[in-house]
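Worksheet: one structure, shown below.
The values are calculated or read from the model by the stated rules, or taken from the named source; none is laboratory data. All values derive from a computational prediction rather than experimental measurement. Please note: Cβ atoms are built from the backbone with ideal geometry, for glycine as well, and neighbour counts cover all protein chains shown.
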Amino acid sequence: MTDTTIVSVGADMFADAVAAQAVDVERVDWRPPMPGTETDLAAVATDPRRPEANRRAVEAMLGVTAHLVDVAPASEVLGLEKGQFLHAGPPIEWARTSGPLRGALMGGAALEGLVDDPEDAAALFESGSNVSLEPCHHRSAVGPMAGVVTPSMWMWVLEDRATGRRTYCSLNEGLGKVLRYGAYNDEVLTRLRWMGDVLGPLLQAAVRGTEEATDVTGILTQMLQMGDEAHNRNRAGTLMLLRDLSPAMVSAGSDAGFDGKDVADVLRFVGGNDHFFLNLAMPACKLALDAGRDVPGSTMVVAMARNGTDFGIQVSGTGDEWFTGPAQVAEGLFLGDYGPDDANPDIGDSAITETAGIGGFAMATAPAIVRLVGGSVPDALATTRRMHEITLAENPRWSVPVLEFQGTPTGIDVSKVCRTGILPQINTGMAGAVAGVGQVGAGLVTPPAEIFPKALAALAARVPTA
Amino acid sequence: MTTPLTTDHVELRSGAYADSVTLLQVSRSVQATPGVVTAQVAMATGLNLEVLEGMGFTVPASSPNDMVVALRLEEGADAAQALAAVDAALAPTRPTSGDTTVAPPRTTTAALRRTGAGAVALVSVPGASATVEAMDALEAGHDVMAFSDNVPVAEEVALKTYAASRGALVMGPDCGTAVIDGVGLGFANTVRPGRIGLVAASGTGCQQLLALLHHAGASLDGVGVRHALGVGGRDLSAAVGGLATREALRRLDADPDVDLVVVVSKPPAPDVADALARESDALGTPVELGLLGRGQRDLTAVAEAVLARLGHEAPAWPVHGADNTGPATGPLLRGLFVGGTLCDESMLMATDVLGPVRSNIPLSEELALGDELLVDDHTFVDFGDDALTQGRAHPMIDPTLRNEQLARAAADPATGVILLDLVLGHGAEPDPAALLAPEIVAARRERPVPVVVSLVGTDLDPQGLEAQRDALVAAGAEVHLSNASATRRALELISRSEGAAR
């Protein structure tokens with residue numbers, strides 16, 4: 001009772017009355033919460049489990065270090081069998097899938113030899129016989145854009161050594177006409193086959209041959225100080241990965257029977273793809289967030305994911321339940337002649353980066369990204385600051401130099417989103433709406449607002465009655 | 001893709017570089033230039049060459065480190081103008097101002113990240129959202145004063161139970177007044193500092209004590225208030241059980257600069273009052289309990305007991321404008337209050353003299369007033385009650401409702417005396433007497449209904465006690481500093497009137 005600073009939330013006249021007594025007043029710019037959420041907000045706020053539950057969820061998430069321990073086919077590490085397809089986002093049936101997800105599934109079917117011509121795969125998925133769709137998230141995996149994983153695709157394997165938990169992600173194909181954006185022509189399939197024949201096995205040899213497993217969380221720490229936000233900009237991260245893996249790629253690669261040309265091809269492919277590291281950033285984020293799952297009473301979001309039709313979130317205190325709403329179309333810049341009408345609604349598991357506090361949440365550290373919507377550097381700073389309004393913690397490992405090394409805003413709080421109406425800011429690529437087109441642009445997007453009140457209601461319903 | 005009506009202009013710029021995001025933006029802005037059909041400015045990477053080709057452009061041999069400027073112009077359009085637009089868009093821009101203003105915080109949590117450890121949160125949002133903001137403060141280890149009313153009692157219990165586990169104090173909800181280290185929160189009077197600590201489950205009850213002790217302190221050494229900790233009007237109810245009162249007592253007992261603690265409250269639940277009495281006895285600091293109720297002391301008597309404990313005799317409580325007052329003009333007493341505790345106090349005193357009285361905050365259920373607020377009986381209305389403040393400001397800020405009722409009461413021939421309160425201090429109207437005085441004049445125009453006012457305030461309040469008092473006296477009111485004294489005067493006038501014996 002000796003410090004006389006007052007925080008005033010509500011009527012300005014009371015703040016004025018305090019200020020008139022020459023006392024410092026910090027005024028909250030309070031606005032009514034999302035419509036109809038007051039009762040649920042109060043129920044969740046007074047849930048006696050919540051403060052400790054959120055503290056535990058945050059602590060568990062921040063405590064995870066992701067190490068790169070292996071590269072191997074999905075059939076081996078995920079037990080994925082022929083006809084089983086993983087995809088990005090919440091669960092979805094073929095009939096509701098969007099163009100890019102369809103395109104990727106069709107290409108995937110051809111890659112696995114289920115059909116000779118990808119065009120024939122549509123009938124296969126329609127019939128539903130001998131094929132099944134399942135979210136990556138249900139198999140400890142994440143996939144960018146369409147996120148389609150088939151048994152023969154090679155996966156990064158990340159491990160939390162404290163618990164032995166692992167997460168997985170496919171290898172990044174590059175930009176343009178690629179499967180994850182829904183393209184499935186010969187060029188796409190040829191590249192995927194090379195990735196299965198050369199890239200995957202050589203990376204496996206390199207990872208297994210690298211004495212000290214690469215600390216992916218540590219690379220994220222460094223790249224955030226080098227202009228990457230690890231969602232739409234992964235240049236520094238990609239180069240640091242190359243630095244770590246190149247020696248073993250050369251030595252272990254030749255032991256494994258790869259010649260100099262193969263190694264050169266791989267180095268060129270990785271070095272030429274600024275987004276290569278994204279597929280390590282994502283499973284590192286998932287590994288951390290999965291540690292925060294299933295804490296009863298916690299309001300922390302543990303996954304944000306889109307399948308091109310629905311945007312879904314999962315919350316620590318509500319188990320595996322998905323809260324979904326229609327995915328939005330990003331605002332941003334388009335390649336060539338493409339325009340907003342060509343873009344598919346938001347797609348991909350890559351919003352796991354924002355869920356973990358990087359990507360759009362770390363915009364301040366990658367000011368170039370803000371230009372995707374014609375913004376300015378102050379906008380980038382404001383975005384990161386704004387995300388602190390809806391998060392539970394700051395990540396001390398992931399700091400932003402320009403904000404005085406403040407940690408990135410981490411652990412989205414469903415309650416705070418409903419209270420402030422501030423939606424998580426996501427940086428994203430845009431896929432063409434038509435199967436086969438590929439990438440049409442990149443930009444910024446937010447989740448549909450209504451999924452947060454839905455999650456809040458589920459949290460409120462689980463509050464134990466006194 | 002090229003139509004006869006357009007011409008393409010493609011040039012390579014070696015050594016020029018901009019990142020792809022910038023270039024997408026440049027392309028977009030050049031596309032908006034008059035005469036430009038489409039434009040693509042990009043580094044000559046494989047992917048971009050493919051895009052350019054897809055757009056129908058023919059690009060000369062290039063390396064990925066070249067920048068390609070590809071323009072498709074309307075027939076006759078000036079290529080130089082379009083290229084100037086490219087240059088302008090590529091030129092680095094600087095923000096015109098060094099604007100790095102940080103947006104204001106949107107939640108109490110965010111605001112408390114910007115303040116020191118001892119900050120107190122003052123919550124006055126609508127009741128449905130108050131608990132959420134208050135929890136923010138408690139979770140961060142800060143005390144809360146919640147002015148907001150219409151907060152469900154279950155939420156109040158939850159807040160105070162959590163606060164107790166953290167050693168934090170919840171003043172409220174529906175806490176009108178607090179003074180912390182001399183800083184007034186909500187509706188609070190400016191008082192001389194001293195060594196008395198107040199705990200108040202009553203906003204206007206607290207203000208009455210502040211005003212009386214301040215008046216007495218003008219001529220007595222060592223009489224002043226160090227802290228006045230509100231706890232909310234329901235704190236001593238059976239449901240809440242005095243959770244905040246207990247924490248407030250603990251704080252004041254531990255404060256070496258507090259010699260005497262005074263607890264004031266609206267009528268408490270008997271069990272809670274008994275427990276409070278036992279716990280108070282166990283404290284090291286003496287506690288004076290001023291709990292209103294049938295057969296209990298009024299607030300002025302409590303102030304006098306406090307002075308006696310400090311070895312002083314109470315002064316005569318000031319009265320002005322007694323000459324204005326003639327006999328009661330009818331058999332019924334009309335109490336119209338903005339302060340709930342002042343209303344309670346007057347009702348308790350009136351019941352002793354007149355028998356049961358009717359109210360919107362009745363002493364027992366069968367005495368409840370309906371929406372009409374005026375019946376053929378003695379009536380006491382608290383305009384600060386939750387039911388009358390839903391969707392409007394507190395009557396200390398917006399006196400419209402009370403003024404209307406004042407006119408109705410004056411027009412009722414059965415009305416014998418009108419008893420009012422007026423509360424000064426931070427948060428209240430800047431000149432409340434100016435709003436009330438004309439209503440008093442109007443009320444007395446037809447017949448001289450005695451209007452007795454308890455004016456609660458101090459000479460240090462922003463409105464100035466004297467000026468307010470003089471305005472009311474000039475309007476025809478009789479003005480008391482003590483609500484008990486004003487009530488006693490009103491009861492005496494009614495009792496003397498012919499119809500008083502019902």
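Looking at (1) under 16 Å from A:Leu171 (Cα atoms); (2) part of a helix (DSSP H, G or I), which is the only condition A:Asn273 fails?
Checking A:Asn273 against (1) under 16 Å from A:Leu171 (Cα atoms); (2) part of a helix (DSSP H, G or I), the one that fails is (2).
Considering only residues that are under 23 Å from A:Gly436 (Cα atoms) and β-branched (Val, Ile, Thr), which ones fall in segment A:69-113?
A:Ile92, A:Thr97
So, A:Arg31, is that one in a helix (DSSP H, G or I), surrounded by fewer than 20 Cβ atoms within 10 Å (Cβ to Cβ) and among the charged types (D, E, K, R) or not?
Spelling it out, it is not the case that A:Arg31 is in a helix (DSSP H, G or I), surrounded by fewer than 20 Cβ atoms within 10 Å (Cβ to Cβ) and among the charged types (D, E, K, R).
Among (1) surrounded by 18 or more Cβ atoms within 10 Å (Cβ to Cβ); (2) closer than 19 Å to A:Lys177 by Cβ; (3) without any contact (Cβ under 8 Å) to a residue 60 or more places away in the chain, which single condition is A:Glu119 missing?
Result: A:Glu119 fails condition (1) only.
For the subset of segment B:318-340 comprising residues that are within 30 Å of B:Asp174 (Cα to Cα) and of a type in the set (A, V, I, L, M, F, W, C), which member is nearest to the chain's Cα centre (by Cα)?
B:Val338
For (1) touching a Ser or Thr at 6+ places or on another chain (Cβ under 6 Å); (2) in the same structural domain as A:Thr214 (by TED's automatic domain parsing); (3) among the charged types (D, E, K, R), each residue gets a yes or a no:
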{"residue": "A:Asp70", "(1), (2), (3)": "no, yes, yes"}
{"residue": "A:Pro90", "(1), (2), (3)": "yes, yes, no"}
{"residue": "A:Ala95", "(1), (2), (3)": "no, yes, no"}
{"residue": "A:Val148", "(1), (2), (3)": "no, yes, no"}
{"residue": "A:Gly164", "(1), (2), (3)": "no, yes, no"}
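Quick one: which residue in A:Val188, A:Val157 is among the β-branched types (Val, Ile, Thr) and closer than 22 Å to A:Gly237 by Cα?
Step by step, each of A:Val188, A:Val157 is checked, and only A:Val157 is among the β-branched types (Val, Ile, Thr) and closer than 22 Å to A:Gly237 by Cα.
Among the residues of segment A:415-437, count how many are more than 28 Å from A:Ala393 (Cβ to Cβ) and either away from chain B (no Cβ under 13 Å) or surrounded by fewer than 24 Cβ atoms within 10 Å (Cβ to Cβ) (or both).
Qualifying residue count, segment A:415-437: 7.
Need the failing condition index for A:Pro345 against (1) under 12 Å from A:Ile426 (Cα atoms); (2) away from chain B (no Cβ under 12 Å), just the number.
(1)
Across segment A:374-401, which residue is nearest to the other protein chains (Cβ to nearest Cβ) among those that are β-branched (Val, Ile, Thr) and farther than 20 Å from A:Ala449 by Cα?
Across segment A:374-401, the extreme among qualifying residues is A:Val377.
For segment A:1-27, what are the residues that are of a type outside the set (D, E, K, R) and more than 20 Å from B:Gly176 (Cα to Cα)?
A:Thr2, A:Ala22
Within the set of pairs 6 or more residues apart or between chains, which connect a residue that is modelled with pLDDT under 95 and crowded, with 17+ Cβ neighbours inside 10 Å inside segment B:286-307 to a residue that is of a type in the set (A, V, I, L, M, F, W, C) and assigned to a helix (DSSP H, G or I) with Cβ atoms less than 6 Å apart?
Cβ pairs passing all conditions: B:Gly290/B:Val302; B:Leu291/B:Ala273.
B:Ala117 passes all but one of (1) facing chain A (nearest Cβ under 8 Å); (2) within 18 Å of the chain's Cα centre (by Cα); (3) assigned to a loop (DSSP other than H, G, I, E, B); which number fails?
(2)
Pairs needed: first member in segment B:125-148, farther than 20 Å from A:Thr37 by Cβ and within 7 Å of another protein chain (Cβ to nearest Cβ); second member anywhere, aromatic (Phe, Trp, Tyr) and in a loop (DSSP other than H, G, I, E, B); C-beta distance under 9 Å; at least 6 residues apart or different chains.
Between residues of segment B:125-148 that are farther than 20 Å from A:Thr37 by Cβ and within 7 Å of another protein chain (Cβ to nearest Cβ) and residues that are aromatic (Phe, Trp, Tyr) and in a loop (DSSP other than H, G, I, E, B), the close pairs are B:Phe147/B:Phe187.
Look at B:Val240 and say whether it is over 24 Å from B:Val123 (Cα atoms) and either in contact (Cβ under 8 Å) with a residue 24 or more places away in the chain or assigned to a loop (DSSP other than H, G, I, E, B) (or both).
Judged against the criteria, B:Val240 is not a match.
Going through segment A:292-326 one residue at a time, which ones are in a strand (DSSP E or B) and under 25 Å from A:Asp160 (Cα atoms)?
A:Met300, A:Val301, A:Val302, A:Ala303, A:Met304, A:Ala305, A:Ile313, A:Gln314, A:Val315, listed by residue number.
Being within 27 Å of A:Thr428 (Cα to Cα), at pLDDT 95 or above and in contact with a helix residue (DSSP H, G or I) (Cβ under 6 Å, 6 or more places away or on another chain): is that true of A:Val115 here?
Criteria not met by A:Val115.
For A:Glu450, which of the numbered conditions (1) modelled with pLDDT of 95 or more; (2) under 29 Å from A:Val216 (Cβ atoms); (3) among the acidic types (Asp, Glu) fails to hold?
In the conditions (1) modelled with pLDDT of 95 or more; (2) under 29 Å from A:Val216 (Cβ atoms); (3) among the acidic types (Asp, Glu), A:Glu450 misses (2) alone.
What are the residues in segment B:149-172 that are touching a residue at least 40 places away in the same chain (Cβ under 8 Å), in contact with a helix residue (DSSP H, G or I) (Cβ under 6 Å, 6 or more places away or on another chain) and assigned to a loop (DSSP other than H, G, I, E, B), if any?
Of everything in segment B:149-172, those that are touching a residue at least 40 places away in the same chain (Cβ under 8 Å), in contact with a helix residue (DSSP H, G or I) (Cβ under 6 Å, 6 or more places away or on another chain) and assigned to a loop (DSSP other than H, G, I, E, B) turn out to be B:Asp149, B:Asn150, B:Ala168, B:Leu169.
Go through (1) part of a helix (DSSP H, G or I); (2) at pLDDT below 95 for A:Arg268 and report which single condition fails.
(2)
Which residues, counting only those in segment A:308-352, are of a type in the set (Asp, Glu) and crowded, with 18+ Cβ neighbours inside 10 Å?
The answer is A:Asp310, A:Asp342, A:Asp346, A:Asp349.
Within segment B:61-95, take every residue that is in a strand (DSSP E or B) and modelled with pLDDT of 85 or more and give me the one that is surrounded by the most Cβ atoms within 10 Å (Cβ to Cβ).
So, considering only residues that are in a strand (DSSP E or B) and modelled with pLDDT of 85 or more, the one surrounded by the most Cβ atoms within 10 Å (Cβ to Cβ) is B:Leu71.
Can you pull out every residue in segment A:21-48 that is facing chain B (nearest Cβ under 7 Å), under 30 Å from B:Pro462 (Cβ atoms) and of a type outside the set (S, T, N, Q)?
A:Val23, A:Glu26, A:Arg27, A:Val28, A:Asp29, A:Trp30
Take the residues in segment A:91-101 that are buried (at least 23 other Cβ atoms within 10 Å of the Cβ) and not polar (S, T, N, Q), then tell me which one is nearest to A:Gly147 (Cα to Cα).
A:Leu101
Just the residues that are of a type in the set (A, V, I, L, M) and without any contact (Cβ under 8 Å) to a residue 24 or more places away in the chain, please, taken from segment B:53-78.
Once the filter is applied, which keeps residues that are of a type in the set (A, V, I, L, M) and without any contact (Cβ under 8 Å) to a residue 24 or more places away in the chain, segment B:53-78 yields only B:Ala61.
Only helices (runs of 4 or more DSSP H) wholly contained in segment A:130-241 count here; list those with 3 or more residues that are crowded, with 22+ Cβ neighbours inside 10 Å.
Fully inside segment A:130-241 and qualifying: A:200-209, A:216-223.
Is it the case, given these coordinates, that A:Leu68 is assigned to a helix (DSSP H, G or I) and either surrounded by 15 or more Cβ atoms within 10 Å (Cβ to Cβ) or within 14 Å of another protein chain (Cβ to nearest Cβ) (or both)?
Spelling it out, it is not the case that A:Leu68 is assigned to a helix (DSSP H, G or I) and either surrounded by 15 or more Cβ atoms within 10 Å (Cβ to Cβ) or within 14 Å of another protein chain (Cβ to nearest Cβ) (or both).
Quick grid of which residues meet (1) of a type in the set (A, V, I, L, M); (2) under 22 Å from the mean Cα position of the chain (by Cα):
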residue: A:Val9; (1), (2): yes, no
residue: A:Val25; (1), (2): yes, no
residue: A:Thr46; (1), (2): no, no
residue: A:Pro51; (1), (2): no, no
residue: A:His67; (1), (2): no, yes
residue: A:Ala72; (1), (2): yes, yes
residue: A:Ser75; (1), (2): no, no
residue: A:Phe85; (1), (2): no, yes
residue: A:Trp94; (1), (2): no, no
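If B:Asp174 satisfies every condition in (1) over 22 Å from B:Ala273 (Cβ atoms); (2) of a type in the set (Asp, Glu); (3) under 14 Å from the mean Cα position of the chain (by Cα) but one, which is the exception?
(1)
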